[in-house]
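Accompanying notes for the structure given below.
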């Protein structure tokens, strides 16, 4: 769960995700995971109006430039969230995933799943809430056409 810092209205993890994905108010973003509502509200408070959760969107059309996942504490839960969010992302999307578990090999499982989806890990930043991985996919549309 995203924890709010004492004396602050905004969680540090949200700031980290915004910076790593280079999210701007012009981008459409989609959030997933058990903390998706908290993340959605935190983004809306910051002025990001083109934000939605996977539950809010009716049709997955690959139109979101940024995907954010928070609140998942097991590899299976993150894989489920990744599967839910993938149809909503465009071919050159950015992704940030909060990994809260310190289980050995957990990050490697998430990394391999992201790579299977056409993402390349760019950075990982340690926060009090866990590790935030950022990844980008480029040329994914060409890979899909070839397959």
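Any chance you could check the Cα centroid distance between segment 31-47 and segment 104-135 for me, in angstrom?
Measuring centre to centre over Cα atoms gives 20 Å.
Using the number of other C-beta atoms within 10 angstrom as an exposure proxy, rank 38, 122 with the fewest first.
122, 38
For 17, 56, 117, which order do you get if you count the other beta carbons within 10 Å of each Cβ and list the fewest first?
56, 117, 17
Taking each pair of distinct Cα atoms in segment 30-97 once, what is the resulting Kirkwood hydrodynamic radius in Å?
Hydrodynamic radius (Kirkwood, Cα only) of segment 30-97 equals 11.8 Å.
None of the figures in this text is laboratory data; all of them are computed from the coordinates on show. This structure is a prediction, so every number in the text was calculated from the model and none was measured. Positions of Cβ are generated from backbone atoms using ideal geometry, with glycine treated the same way; all protein chains shown enter the neighbour counts.
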